[in-house]
Amino acid sequence: MEYTTLGSTGLKVSVAGLGCGGPSRLGMRNDSQSANHAIALVKQAVDLGVNFLDTAQTYGTEPIVGKAIAGTPRERLVISTKKTLPAEDHPDPAGEVVKGLEQSLKLIGTDYIDVYHLHGVEPKDYEFAKNRLMPVMRRLKEQGKIRFIGVTEGFVVDPSHTMLQESLKEKLWDVVMVGFSLLNPSARKNLWPLTKANGTGVLDMFAVRRALSQPERLKEVCGELIQKGRISKNDLDANDPLGFLLRESDAASLPEAAYRFCRHEPGVDVVLTGTGNPAHLKENVTAILKPPLPKVALERLDRLFGGLDSLTGN
Ligand SMILES: NC(=O)c1ccc[n+]([C@@H]2O[C@H](COP(=O)([O-])OP(=O)(O)OC[C@H]3O[C@@H](n4cnc5c(N)ncnc54)[C@H](OP(=O)(O)O)[C@@H]3O)[C@@H](O)[C@H]2O)c1
């Protein structure tokens, strides 16, 4: 494993982080896999050198993480979890945040969280998050119950990062979780100048999702881009839109190429990978540790998708 420092937090983190949510939720999304299977996946990640584990109040995987890490010295791990936003008319939103944190601490079996995020903050939520939730987040940090304050964007509704563009100017967060992939690299222009200037730690989500792991979905997504005139049909083979990426690089699969693309993006600290499949986990960690994609492939990707800020890859 390779390690890096998460922004200016000083936290030493593995460049591959385990995402315990997303479409797979460690295989538990549709009850298709057992809790024991999920616990084994987290342990496998830790054995591979992954020390960054990301979960959330809503994923149902906090107790899985808790059981998986029970025998590991706490200081070897960087635990990230998230508070779902209380409703704006909640009578005591700050109290709700404290309650959520206490519950997360209990489920994970720890007495502090390394990075505690406000989860999925959309542009419409920003003023509420800033004015009503940030004071309690700061208090929890002062109390040592959380070490750093994070936010995750609502990427599906905000794929051009408007909430983060605004809030990074106000220097609210120690760490941000950003949607960034070869299909939507808009954070490069919109966010990295701000995160770099602030020393904000950057966690990458949506590296692969459905479009880069399911060929039929990729065809649909690219077909829509061609239909809308965002990409010329002369530039992309509609039947095999990213075939060139495998021909022009040594990547063995699109998920591999997609994780490598994100890993070598200057500005990204940790690439999250979410899976319910132990073989995928091993492949993905291996992919994240491989060298950058060749320049010729990167240049072609940039010509195709470099100017787009609408895709989520879902
Ligand atoms: N707003 C937010 O706060 C937010 C939103 C989304 C995600 N997140 C966090 O970011 C993490 C990463 O996002 P994500 O889980 O969507 O991860 P991702 O790594 O971008 O994509 C995961 C999807 O790709 C598939 N996949 C992974 N590796 C594969 C491989 N080698 N071959 C084929 N398919 C593969 C998985 O299916 P298999 O199970 O079959 O491998 C799953 O469907 C989440 O787990 C979560 O912790 C946060």
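Pull up segment 122-165, narrow it to residues that are within 17 Å of Thr200 (Cα to Cα) and among the hydrophobic types (A, V, I, L, M, F, W, C), then point me to the one that is nearest to the ligand (Cβ to nearest atom).
The selected residue is Val151.
Within the group Asp89, Asp54, Asp114, which residue is free of Cβ contacts under 8 Å to residues at least 12 places away in the same chain and acidic (Asp, Glu)?
Asp89
Answer yes or no: is there a residue in segment 300-311 that is touching a Phe, Trp or Tyr at 6+ places or on another chain (Cβ under 9 Å), more than 14 Å from the ligand (Cβ to nearest atom), more than 25 Å from Leu18 (Cβ to Cβ) and hydrophobic (A, V, I, L, M, F, W, C).
For segment 300-311, residues touching a Phe, Trp or Tyr at 6+ places or on another chain (Cβ under 9 Å), more than 14 Å from the ligand (Cβ to nearest atom), more than 25 Å from Leu18 (Cβ to Cβ) and hydrophobic (A, V, I, L, M, F, W, C): present.
In a loop (DSSP other than H, G, I, E, B), within 15 Å of the ligand (Cβ to nearest atom) and either within 21 Å of Gly100 (Cβ to Cβ) or modelled with pLDDT under 95 (or both): which single residue out of Ser32, Ser80 fits that description? Lay out the reasoning, then the answer.
On the way: Ser80 fails: in a loop (DSSP other than H, G, I, E, B).
From the options Ser32, Ser80, the qualifying one is Ser32.
Yes or no: Gly179 in contact (Cβ under 8 Å) with a residue 60 or more places away in the chain, within 11 Å of the ligand (Cβ to nearest atom) and not aromatic (Phe, Trp, Tyr)?
Yes: the conditions hold for Gly179.
Collect the residues in segment 224-234 that are surrounded by fewer than 13 Cβ atoms within 10 Å (Cβ to Cβ) and either under 18 Å from Gly306 (Cβ atoms) or within 16 Å of the ligand (Cβ to nearest atom) (or both), keeping them in residue-number order.
Listed by number, the residues that qualify are Lys228, Gly229, Ser232, Asn234.
Could you tell me how many of the residues in segment 274-293 are among the aliphatic types (A, V, I, L, M), near the ligand (Cβ under 8 Å from one of its atoms) and crowded, with 22+ Cβ neighbours inside 10 Å?
Result for segment 274-293: 2.
Can you pull out the residues in segment 246-264 that are closer than 17 Å to Val296 by Cβ, within 14 Å of the ligand (Cβ to nearest atom) and surrounded by fewer than 18 Cβ atoms within 10 Å (Cβ to Cβ)?
Scanning segment 246-264 gives a single hit, Leu246.
Just checking, which of Val271, Val296, Val221 is surrounded by 14 or more Cβ atoms within 10 Å (Cβ to Cβ) and in a helix (DSSP H, G or I)? Before the answer, list the steps.
Working: Val271 fails: in a helix (DSSP H, G or I); Val296 fails: surrounded by 14 or more Cβ atoms within 10 Å (Cβ to Cβ).
The match here is Val221.
Of all the strands (runs of 3 or more DSSP E) wholly in segment 114-212, which have at least 1 residues that are charged (D, E, K, R) and open to solvent by 10 Å² or more (accessible area, probe 1.4 Å)?
146-153
Hey, any hits in segment 276-289 for a residue that's closer than 17 Å to Arg300 by Cβ and polar (S, T, N, Q)?
No.
If Ala238 satisfies every condition in (1) under 18 Å from Gly7 (Cβ atoms); (2) without any contact (Cβ under 8 Å) to a residue 40 or more places away in the chain but one, which is the exception?
Unmet condition: (1).
The values are calculated or read from the model by the stated rules, or taken from the named source; none is laboratory data. The structure displayed is predicted, hence computed values, not measured ones. Cβ atoms come from the backbone with ideal geometry, glycine included; neighbour counts cover every protein chain shown. SASA here: full protein model, heavy atoms, side chains in, ligands and nucleic acids out. Shrake-Rupley method; radii C 1.70, N 1.55, O 1.52, S 1.80 Å.
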